[in-house]
1. Which pairs turn up if I take residues in segment 30-43 that are modelled with pLDDT of 65 or more and look for partners that are charged (D, E, K, R) and part of a helix (DSSP H, G or I) with beta carbon separation below 7 Å, at least 6 apart in sequence or on another chain?
2. Of these, 305, 300, which one is modelled with pLDDT under 80 and farther than 27 Å from residue 122 by Cβ?
3. Among 127, 175, 146, which is the only one that is surrounded by 14 or more Cβ atoms within 10 Å (Cβ to Cβ), more than 24 Å from the chain's Cα centre (by Cα), β-branched (Val, Ile, Thr) and closer than 26 Å to residue 214 by Cα?
4. Would you mention how many residues in segment 178-203 are of a type in the set (Phe, Trp, Tyr) and surrounded by 15 or more Cβ atoms within 10 Å (Cβ to Cβ)?
5. Could you check segment 308-331 and list, in sequence order, the residues that are modelled with pLDDT under 80 and either surrounded by 17 or more Cβ atoms within 10 Å (Cβ to Cβ) or within 25 Å of residue 353 (Cα to Cα) (or both)?
6. Among the residues of segment 294-302, is any buried (at least 18 other Cβ atoms within 10 Å of the Cβ), part of a helix (DSSP H, G or I) and more than 16 Å from the chain's Cα centre (by Cα)?
7. Run down 154, 122, 133, 162 and say which single residue is assigned by the TED database to the domain that holds residue 279, more than 20 Å from the chain's Cα centre (by Cα) and closer than 27 Å to residue 319 by Cβ.
8. Which of the helices (runs of 4 or more DSSP H) found entirely inside segment 44-127 contain at least 2 residues meeting this: at pLDDT below 70?
Amino acid sequence: MRDDIPADEVTLLSPELSREREEAEHRGAWHRIRHNYVLGRVLKSIITIWAVASLSFVLVRWMPGNPLQAYVQRLMSQQGLSREEALARASSLLSYDPSAPLLQQYLDYLNGLLRGNLGQSIVAPGTPVTDHILAYLPWTLFSVGTGLLLSFLIGVGLGVLIAHRRGSWLDHVVTNISSALNAVPNYVWAMLVIVVLGVQLRWFNVSALRGTVTPGIQPGLTAEFILDVLAHAALPITVYTLTSVGGWILQMKSSTTQVLEDDYVLNARARGLPASRIHVHYVGRNAILPLFTQFAVQLGFVVGGSTLVEQIFKYDGVGYYFYDAIEARDYPVVQGFILVITVSVVLANLAADLLLSRIDPRIRVEGARR
């Protein structure tokens, strides 16, 4: 075939060649997408969210008992409705028709998720699941988020300090305490705080600190309301800080110790640079990178709260309500909370990956090669 033949004539003369070119272009486009670090991470995040949403759709139907059928039976017995009328009313609580085939239910469920419709609570008919989430989520974000931030700041500071004083008595004391704090689950600390500090030492009134705010206090930007919120959240925040700070201390110590032994730090000392500059610009900035990405990931788990801690303190957060929804088999609410927690964790992981790739371009290059 001559090189001066026009492209349209080549297509007419050789349709097989045209198809090969189209297939090569498609393969090239997919290759570029697959090896693009940002697009690859975004695509994986979308697939993960879809997979968890699909899994939650299936799992709640394997739960013992059928709360929807129980709700239908209650409507039929208490209000004298026919089964069709009861099913129609029950269907209005969901983002899909429970009497439809399973595949159609699944497609309607995904369509509802894309429109932000998570259905309505079976236990509290007429209340959208999103209203429940928005009502309880701020309290969990405040308590767990504050505990995570405090533990991270304290852990980074103490980890750097004991790394620079390796082998001293301070290093041994802080390391042993950190290991002990990290080994005890958060719900055990919650029970110890109540039993020891509340019941035996009577440092606070356990029953008075239940909930998120004292009944009768009007919400607003007033000193009374703010102090009352802080008082109710103090115990969960303390527990979250105690159970997290040990891990941050040990990780920051390990990371700082490793960086202190790198060649560029030794070269900086040999050049006579000030110790403060070496500690901040050479050691601190590089040692905190692994912890910074892990902190971003942990932010995603903040949304899930801690079911056991909030149950022990009767703190009205996401974990407390999620536990109640599981007990009541209110599976639209269970599905909604699982999806929200999943989305928050996946987005936090995505943000951590993208942020670290901007800080350290080597990660983006290595990820594109895979």
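The values are calculated or read from the model by the stated rules, or taken from the named source; none is laboratory data. Note that the coordinates shown come from a computational prediction; the quantities given were computed from them, not determined experimentally. Here the Cβ is made from the backbone with ideal geometry for all residues, glycine too, and neighbour counts use every protein chain on show.
1. Within 7 Å, the pairs are 37/364; 40/34; 41/353.
2. 300
3. Matching residue, one of 127, 175, 146: 127.
4. Total satisfying the criteria: 2.
5. Listed by number, the residues that qualify are 329, 330, 331.
6. no
7. Among 154, 122, 133, 162, only 154 is assigned by the TED database to the domain that holds residue 279, more than 20 Å from the chain's Cα centre (by Cα) and closer than 27 Å to residue 319 by Cβ.
8. Those helices (runs of 4 or more DSSP H) span 67-79, 83-91.
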